[in-house]
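A quick write-up on the structure given underneath.
Please treat every number below as a calculation from the coordinates, not as lab data. Keep in mind the model is a prediction, meaning the values are calculated, not measured. Glycine also receives a Cβ, built like all others from the backbone with ideal geometry; neighbour counts cover every protein chain displayed.
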There are 2 protein chains.
Amino acid sequence: MDTRTWTIAELAREFGVTARTLRFYEEHGLLQPERRGLQRVFHSGDRVRLELVLRGKRLGFPLEEIKKIVGMYDADTGETGQLTYLLDQITVRRSELEQRRSDIERTLAELADLERRCRDDLVRLGSAAADQGVRT
Amino acid sequence: MDTRTWTIAELAREFGVTARTLRFYEEHGLLQPERRGLQRVFHSGDRVRLELVLRGKRLGFPLEEIKKIVGMYDADTGETGQLTYLLDQITVRRSELEQRRSDIERTLAELADLERRCRDDLVRLGSAAADQGVRT
DNA sequence: CGGCAGCTTGACGTTTACGTTAAGGTAAGC
DNA sequence: GCTTACCTTAACGTAAACGTCAAGCTGCCG
């Protein structure tokens with residue numbers, strides 16, 4: 001029943017971050033590993049949260065934002081007030097993400113356009129070179 | 001023929017940033033406004049670049065990355081070497097953006113899932129409340 | 001018991017992306 | 001000529017997200 005645990009170094013190695021990073025995340029409430037004496041003991045739940053955090057980072061969100069998102073998954077059991085608040089939060093995060101997605105689409109479209117123009121120019125240069133008998 | 005110009009304050013107001021930000025962007029090569037004496041004079045090209053920069057920021061890219069992208073649009077005229085280098089860069093940026101897009105899709109999917117579970121819980125709580133004769 | 005590997009908590013250093021004075025130039029209006 | 005509004009550079013301050021020591025526990029091996 002998913003009882004395996006990890007040390008800080010193991011988790012760091014596996015996820016490609018440093019131990020310092022994991023301690024930092026704990027210090028700021030993004031992770032809550034168990035403690036055995038002083039030692040940290042990470043469970044599978046911490047792995048899930050860590051994945052969320054790292055994905056958030058890839059998306060360029062500040063840790064404060066990420067913390068809210070992680071908190072949403074943790075607090076998904078509650079009474080009516082909590083649930084409606086959570087639903088509101090979901091709406092907020094979703095619209096942020098959709099804004100980002102549309103920014104990405106736009107940029108990808110412009111890149112495609114730029115690429116097309118580049119290829120056209122290359123062809124033109126190529127044929128001009130050919131006209132002059134230059135090797136490509 | 002698009003000859004209108006803007007002062008630093010006008011541009012700042014319009015794009016919702018401070019003048020300090022625009023000076024900072026110039027200092028780091030993201031913008032190159034004309035100079036009349038000491039004064040900066042912004043043209044429509046600067047507006048286009050600024051839009052690129054701000055979109056990059058919304059996407060959470062560091063300014064160094066953004067600088068490269070902006071530079072790509074500036075340097076789209078050149079000889080063969082430049083063009084193939086630019087095409088390589090386009091490939092790099094595109095794969096970055098596609099990675100991000102897939103991260104976003106994943107997160108949106110998880111949010112949708114979370115939302116569904118929330119709504120289910122709400123319904124359950126609602127009917128439980130109704131069973132006890134409690135107003136919703 | 002010594003020693004090492006791996007963990008711990010501070011605490012200060014670093015980079016990024018500006019904010020915030022400070023100190024002064026400039027053109028327009030009265 | 002003086003004020004006012006807007007601009008300039010220079011320089012120091014700041015928050016975020018760790019990196020980088022320093023100094024000390026902890027468990028095990030020989």
Over 27 Å between Cα atoms: which of A:LYS57/B:LYS68; A:LYS68/B:LYS67; A:LYS67/B:LYS67 fall into that group? A:LYS68/B:LYS67; A:LYS67/B:LYS67
Spin-label point model (7 Å from Cα, Cβ direction): what's the A:SER127 to B:LYS68 distance in nm? 3.3
Taking a label point 7 Å out from Cα toward Cβ, give me the nm distances from A:GLN39 to the same spot in the other copies, shortest first, one decimal. 7.0
Hey, got the dipole for region A:1-52? About the Cα centre, +1 on K and R Cβ, -1 on D and E Cβ, debye to the nearest 20? 160
Under a GNM of chain B (C-alpha, springs under 10 Å), which listed residue has the highest mean-square fluctuation: B:VAL48, B:VAL123, B:VAL70? B:VAL123
Top mean-square fluctuation among A:ILE69, A:ILE90, A:ILE104, Gaussian network model of chain A, C-alpha springs under 10 Å? A:ILE104
Most exposed first by the Cβ proxy, i.e. fewest other Cβ within 10 Å, how do B:ASP120, A:ASP121 rank? B:ASP120, A:ASP121
Full-stretch length increase - A:ARG101, A:ALA19 - with 0.36 nm per residue and alpha-carbon distance subtracted: 26.3 nm
Need one number for the protein assembly as shown: average projected area of the convex hull over its C-alpha atoms, nm². 24.2
Work out the charge dipole of chain B with +1 on the Cβ of Lys and Arg and -1 on the Cβ of Asp and Glu about the Cα centre, then indicate which of B:ILE90, B:ALA75, B:GLN32 is farthest towards its positive end. B:GLN32
How far, in nm to one decimal, is A:ARG116 from itself in the other copies if the label point is set 7 angstrom along Cα toward Cβ? Shortest first, please. 3.8
Evaluate the charge dipole of chain A about its Cα centre and quote only its size in Debye, nearest 20, assuming +1 on the Cβ of each Lys and Arg and -1 on the Cβ of each Asp and Glu. 500
Can you pull the mean other chain C-beta count within 10 Å for peptide B:85-94? 3
Neighbouring partner chain Cβ atoms per residue of A:47-57, average, 10 Å criterion: 1
Once all Cα-Cα distances of chain B are split into 5 Å bins that start at 0, what whole-number percent is in each one? 2, 8, 13, 14, 12, 10, 9, 6, 5, 5, 5, 4, 3, 2, 1, 0
Report, for A:GLU98, each distance to the same residue's label point in the other copies, shortest first and in nm; define the point 7 Å along Cα→Cβ. 2.6
Estimated inter-spin distance, A:LEU108 and A:VAL48, nm [label 7 Å along Cα→Cβ]: 2.9
Any idea what the dipole of the protein assembly as shown comes to, in debye rounded to 20, about its Cα centre with Lys/Arg Cβ at +1 and Asp/Glu Cβ at -1? 480
